[in-house]
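Engineer: Okay, handing you the structure first.
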Amino acid sequence: MAAVATCGSGAGSTGSAVATASKSNVTSFQRRGPRASGTNDSGPRLVSIAGTRPSVRNGQLLVSTGLPALDQLLGGGLAIGTVLLIEEDKYNIYSPLLFKCFLAEGIVSGHTLLVASAKEDPANILQELPAPLLDDNSKKEFDEDVYNHKTPESNIKMKIAWRYQLLPKMEQIGPVSSRFGHYYDASKRIPQELIEASNWHGFFLPEKISSTLKVEPCSLTPGYIKLLQFIQNIIYEEGFDGSNPQKKQRNVLRIGIQNLGSPLWGDDICCAENGSNSHSLTKFLYVLRGLLRTSLSACIITMPTHLIQNKAIIARVTNLSDIVIGLESFIGSERETNPLYKDYHGLIHIRQIPRLNNLICDESDVKDLAFKLKRKLFTIERLHLPPDLSDTVSRSSKQDLAESTKRLGPGCGMMAGGKKHLDF
């Protein structure tokens, strides 16, 4: 090529033709990777859906739960075709917020929603969704929320060298503007125009069940039957199962079921240990998982597991769910007044993580997790107990410390004659 470049004008045109020919021939490697220009190629590409991303571990398509910290704990997000079960806290204060963040993320991402409840009208649930923090407002709101929850000691500005003041702060991790996952302001409501522009379907049990409905013995409860039929119709009619191509573009169906298993759904597992409908809930979850596995949909379920009398039912429900998360609130417990937990509102337990295309699941190294609801944000953090730096040692520990010093004595020779020996 160097010899061609040193030729005259005619040779230079020949060299340019050779160069263009070589560029047109050597394109197989570039077509396989992503292009920076974003031009469309004739070759096959992975179909991209707004608000989704593939998992870096197993290639499974993921959607965000509405809480970026929870997405990180689950391995990047909630996989398509899976069920996320949230064990409600005792007074049902914080679990509805996780439920609403999941639905709000669907509206922001342009996904189709299916909201089912036996307690509250789905239209009213959508009106109470938290407002998203988008673009520059997210960083501003996050910084204000963190600043308002600092201790008085931390508000005092430290005097450090000017060269270190210009460095970015690494401890404060704020929200980033991206298509996958958003932060939400719990003190504000989602704009009405976003709800009107979204595609959602509501299932309110009192409106679907009639008092004259006859139920066959040893079958599902009427509420579960109606809900399964409703979900199946939405999946098949709008083409989420892949059999009928969707009209505009491929989309994801987000299913949210509130207070499943409660007496409001006609289930008696919370009222008696061995009820007549003890297998209705497990049958419902079994059929629901079959619908999710063959469709572009993801489901979140809140369940009052602390009210279920039979522990065997809880074990079966856990096995039929892909992801199980438990919320333990400090309200009404001894930890509410314990100064060690004054910075948190409860604990979060990751009880089960799905095994998708793997023999083992990706367990998080962090076991002790706590959550707190700030003025605007619901955050999940690692549980950090403050160090015991004050002079509050109990008398028993002081006596033990004094006895140990007496036994050790001033030198090593005294240690051999003591009552307690030390092994080196």
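The values are calculated or read from the model by the stated rules, or taken from the named source; none is laboratory data. What you are looking at is a predicted structure, and each value in this text was computed from that prediction instead of being measured. Heads up, the Cβs are rebuilt from the backbone with ideal geometry, glycines too, and the neighbour counts pull from every protein chain shown. We work out accessible area using only protein heavy atoms, side chains counted, and drop any ligands, DNA or RNA first. Shrake-Rupley method; radii C 1.70, N 1.55, O 1.52, S 1.80 Å.
Engineer: Long-range amide H contacts for Q60: which residues qualify at under 5 Å (H placed 1.01 Å from N, peptide plane, sequence gap of 5 or more or a different chain)?
Structural biologist: It is S55, by chain and number.
Engineer: Protein chains only, probe 1.4 Å: how do Y286, Y236, Y341 rank by accessible area, largest first?
Structural biologist: Highest to lowest solvent-accessible surface, that is Y286, Y236, Y341.
Engineer: So what's the net charge close to L320: Lys and Arg +1, Asp and Glu -1, counting the other residues with Cβ under 10 Å from its Cβ?
Structural biologist: +2
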